[in-house]
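The values are calculated or read from the model by the stated rules, or taken from the named source; none is laboratory data. The structure presented is a predicted model; accordingly, all values stated were derived computationally and were not measured. FYI the Cβ positions are ideal-geometry reconstructions off the backbone, even for glycines, and counts take in every protein chain you see.
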Amino acid sequence: MGSDRYYAGIALRVALLVSTIVLLAWMVLHTDWYVSMALLALAAATEAFLLMHFATKWSREVTRFLEAVSFEDTSARFSGLMGDGVFRDLGAAMGRVMERLSKGRAEREEQTQYLQALINHVPVALLSRIFPAMARRSPRASRLSNPATAPSCAWNAPRACCN
C-alpha cells in the first residue's frame, strides 16, 4: 500500500544518510582527504534536508487541502501527489473531495439564483393578496397596491421610477 512505500522511502533515505555519516567518520579518523570529507559532509546535509522534505510532504499537502476547504477554494488541485507513487491515494482522495465540494457549491449557487429570480419576478400586489398582514406593515407594498396613492408608472416602469 501507500504507507509501505512511504516507510520504504523513509528507510532508504535514513540508510543512505547513516552510511554517508559512517563513511565521513571513517575518513576523518583514517585519512587526510579534506576535500572528500567536505563533500561527504555536504552530501550528508543534503540527504538530511531531503529526508525532512520527504517526511513532511504529506503534512504540507494536507495543510494546503484543509486551507482550501476552509476558504471554499474549489480550484485547488493536488495533481502533484498523483504522480508520486507513495502519495497517489492521498492525492486521489483529496481530488475527489474537492470535486464534491465544487459540485455542491455549484448546486447551491444554482438554487440561490433560481430563488432570487423567483423573488424578483413576484409582483408586490400578488404578495399583498397572499399575505395581507405583511402588506399592511410594508409601506411600499400598501402604497403600490392602493391605486389612489400609487405613482402612475407603478406597474409598467422599472423600480427606480417608483421610489
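Here are the numbers for this structure:
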read-out	value
Cross-chain or 6+ apart pairs with Cβ under 7 Å, region 31-45 first and closer than 19 Å to ALA15 by Cβ, then of a type in the set (A, V, I, L, M) and surrounded by 12 or more Cβ atoms within 10 Å (Cβ to Cβ)	LEU40/LEU23; LEU40/LEU24; LEU40/MET27; ALA41/LEU24; ALA44/LEU17; ALA44/ILE21; ALA44/LEU24
Number of positions in region 18-52 that are surrounded by 15 or more Cβ atoms within 10 Å (Cβ to Cβ) and more than 36 Å from the chain's Cα centre (by Cα)	10
Selection from region 1-42 of residues that are of a type in the set (Asp, Glu) and outside any helix (DSSP H, G or I)	ASP32
Residues within region 72-99 that are loosely packed, with under 11 Cβ neighbours inside 10 Å and assigned to a helix (DSSP H, G or I), tallied	3
Tabulated pairs, region 5-20, first in the same structural domain as LYS57 (by TED's automatic domain parsing), second modelled with pLDDT under 90 and in a helix (DSSP H, G or I), C-beta under 8 angstrom, 6+ apart or interchain	TYR6/TRP58; GLY9/PHE54; ILE10/PHE54; ILE10/ALA55; ARG13/PHE54
Residue in region 9-59 that is modelled with the highest pLDDT, counting only those that are within 19 Å of ARG88 (Cα to Cα) and among the hydroxyl-bearing types (Ser, Thr, Tyr)	THR56
Region 100-119: number of residues that are surrounded by 14 or more Cβ atoms within 10 Å (Cβ to Cβ) and among the acidic types (Asp, Glu)	0
Residue within region 73-81 that is out of contact with any strand residue (DSSP E or B) (no Cβ under 9 Å at 6 or more places or on another chain), within 30 Å of ALA106 (Cα to Cα), among the aromatic types (Phe, Trp, Tyr) and in the same structural domain as ALA106 (by TED's automatic domain parsing) present	yes
